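**Q** Pasting a structure below so you can have a look.
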Amino acid sequence: DAGVIQSPRHEVTEMGQEVTLRCKPISGHDYLFWYRQTMMRGLELLIYFNNNVPIDDSGMPEDRFSAKMPNASFSTLKIQPSEPRDSAVYFCASSLRVPVSPLHFGNGTRLTVT
Amino acid sequence: AQSVTQLDSQVPVFEEAPVELRCNYSSSVSVYLFWYVQYPNQGLQLLLKYLSGSTLVESINGFEAEFNKSQTSFHLRKPSVHISDTAEYFCAVSEGSKTSYDKVIFGPGTSLSVIP
């Protein structure tokens, strides 16, 4: 079991550029979550999917953010255009069955927008 | 809407001393409660969870937490901490919706520093 895989680990980009974060969940997990972690706001739930379908995107901060899950083994979080205040660590997590099964987190993508 | 409060952002404690990390939640419906731990440059890992049954739950490394419905609390305790317990600890809640309990919300976290 390779765990949840996120790429890239670090991303540095300039304001206005498009950023795409990627996530491969654990095989067989039906749930996928995207979280953002900052010192000021802690760990915020952005969006989550069940069986590839977005269930709740109320945490997505603005229209600049979008997330997709085209199949059970891949999800993307896109920011277009990026802004300095988007700088954070973005985590992807998957779960077999919430809440009885735990969330398995990836190691995160540290995004810096200059 | 649910929310999770962790009153202490930082808790320094000497090695082998006891520690309590506080967590309170607000919810008008039934909830499931969790503690996750995050080590530097890593994602979060489940430490323990309360789903139902006994209100006292334990982890394999000596932590325990007690669900108190009347006080809407789920405080984490350990009688004797070790250097390796130094990490960020997050309390989380999953609130019942019409069909499921699948939205997991995290508290702001408590940074536990164990002093040799």
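The values are calculated or read from the model by the stated rules, or taken from the named source; none is laboratory data. These figures come from a predicted structure and were not determined experimentally. Neighbour counts run over all protein chains shown; Cβ positions are idealised from the backbone, glycine included.
**Q** Only one of A:Ile55, A:Ile26 is part of a loop (DSSP other than H, G, I, E, B) and either closer than 17 Å to A:Asn107 by Cα or at pLDDT below 95 (or both). Can you tell me which?
**A** A:Ile26
**Q** Tally the residues that are of a type outside the set (Phe, Trp, Tyr) and not in a loop (DSSP other than H, G, I, E, B), restricting the search to the range A:35-52.
**A** The qualifying residues number 10.
**Q** Counting only residues that are in contact with a Leu (Cβ under 6 Å, 6 or more places away or on another chain) and either under 14 Å from A:Ser94 (Cβ atoms) or among the β-branched types (Val, Ile, Thr) (or both), how many does the range A:27-56 have?
**A** Count: 4.
**Q** Return the pairs, sorted by first residue and then second, in which the second residue is among the aromatic types (Phe, Trp, Tyr), the first residue lies in the range A:95-108 and is on the phi < 0 side of the Ramachandran plot, the beta carbons are less than 7 Å apart, and the residues are 6+ apart or on different chains.
**A** A:Ser95/A:Tyr31; A:Val98/A:Tyr31; A:Val98/B:Tyr101; A:Pro99/B:Tyr32; A:Pro99/B:Tyr101; A:Leu103/A:Phe33; A:Phe105/A:Phe91; A:Gly106/A:Phe91
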